[in-house]
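Notes follow once the structure below has been shown.
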Amino acid sequence: MARWSHLASFAVALALVQSAASEHWLNDYFTTDGNVRAGYDASGQEVATVSLNQQTGGGGFNSKKKFLFGEFSIRIKLIPGNSAGTVSCFYLSSGDDQYRDEIDMEFMGNSSGQPVVLNTNVWANGDGKKEHQFDLWFDPSADYHTYTIIWNPENIIFKVDNDVIRSFKRYADLPYPNSKPMTVHATLWDGSYWATEKGAIPINWSQGPFTVSYRDYFANACVGGRKCPAHSGKWINKQPSKAEWGTIAWAEKNYMRYDYCQDGYRFPQGFPGECSRN
């Protein structure tokens, strides 16, 4: 699970937030915890770096506002080399309680030469265990790549660069995160007990400190707990197109490492209801 979250201020006014062009997006839109620094790259774009070391732990940044539905993206350059045991995250969460809603993109560190695993997950009212995991088909430490979450009343869409890799559909009789505003988080932490080969390979602290870089944060979303403005139609009604269902099938066929709907050991009493409907 994505951790290191601290709740930010809760804005109740209805407003559309667009944060693509801020020169100082980190301080404008987020509070920070732990080892977080802001700088600029050669093009003048602000870059936030989050570091993890054995002495002081990791860190992250947390949005100052909460949102109910929206499109959220950020460009990330992950840890180079041996990142086994680390977990880098971009996610939404309503809080830390047992009834929380959460939408996760978690990057589980790798041993050198092995693929980085992207874990996608959805929690609704404390009900999780809905993971799809993919081996990334590129080196995510060599350059920045864009990771996007689209969350609307009908489905949750996960994108890597321009490729839709997953859609989690809402069914009226099944849990879905549709009522609790959520904050946006980006974190880096020690997941040795879980992250790499189910915890078999922990962090090698001699390779640290481990650093993840973030830039180009973008949100087009509604603040608070009311209906989104009509002009949010680009994402509020978004569902995968026929071509995007094709990229989902491509990702599942070639790069899926884990699908909770195929894990009979985990669900001895039967799979979650959506597994037979998707």
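Report the residue count in the range 166-184 for those that are part of a strand (DSSP E or B) and of a type in the set (Ser, Thr, Tyr). Number satisfying all stated conditions: 2. Restricting the range 109-127 to residues that are assigned to a loop (DSSP other than H, G, I, E, B) and among the polar types (S, T, N, Q), the residue that is surrounded by the fewest Cβ atoms within 10 Å (Cβ to Cβ) is Ser112. Pairing each residue of the range 110-129 that is over 14 Å from Ser88 (Cβ atoms) with any residue that is open to solvent by 50 Å² or more (accessible area, probe 1.4 Å), provided the two are 6+ apart or on different chains, yields C-beta distances under 6 Å for Ala124/Pro175; Asn125/Tyr99; Asn125/Pro175; Gly126/Gln98; Gly126/Tyr99; Asp127/Pro175.
Every listed requirement among (1) modelled with pLDDT of 95 or more; (2) open to solvent by 40 Å² or more (accessible area, probe 1.4 Å) is met by Tyr260 save one, (2). Being basic (Lys, Arg), closer than 25 Å to Glu197 by Cβ, surrounded by fewer than 24 Cβ atoms within 10 Å (Cβ to Cβ) and modelled with pLDDT of 95 or more is not true of Lys64. The set of residues in the range 137-166 that are open to solvent by 10 Å² or more (accessible area, probe 1.4 Å) and of a type in the set (Phe, Trp, Tyr) comprises Trp137, Phe138, Tyr144.
Condition check ((1) aliphatic (A, V, I, L, M); (2) at pLDDT below 95) across all residues:
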position	(1), (2)
Ala186	yes, no
Asp190	no, no
Ser213	no, no
Gly225	no, yes
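Here is the figure for the range 79-108: residues that are in a loop (DSSP other than H, G, I, E, B) and either under 22 Å from Pro272 (Cβ atoms) or open to solvent by 10 Å² or more (accessible area, probe 1.4 Å) (or both) total 11.
What about Lys130, is it part of a loop (DSSP other than H, G, I, E, B) and surrounded by 16 or more Cβ atoms within 10 Å (Cβ to Cβ)? Considered against the rule, which asks whether it is part of a loop (DSSP other than H, G, I, E, B) and surrounded by 16 or more Cβ atoms within 10 Å (Cβ to Cβ), Lys130 comes out as yes. Gly199 passes every criterion in (1) open to solvent by 60 Å² or more (accessible area, probe 1.4 Å); (2) at pLDDT below 95 apart from (1).
Within the span defined as the range 129-140, one or more residues are among the basic types (Lys, Arg) and at pLDDT below 95. For the range 66-78, a residue qualifies if it is under 20 Å from Asn125 (Cα atoms) and not in a strand (DSSP E or B), and exactly one does: Lys66.
Scanning the range 236-257 for residues that are surrounded by 14 or more Cβ atoms within 10 Å (Cβ to Cβ) and among the small types (Gly, Ala, Ser) returns a single hit, Ala251.
The values are calculated or read from the model by the stated rules, or taken from the named source; none is laboratory data. Predicted, not measured: the structure shown is a model, and the values here were computed from it. Quick reminder, even Gly has a Cβ in these numbers, built from the backbone with ideal geometry, and neighbours come from all protein chains shown. Surface areas here come from the heavy atoms of the whole protein model, side chains and all, with no ligands, DNA or RNA. Shrake-Rupley method; radii C 1.70, N 1.55, O 1.52, S 1.80 Å.
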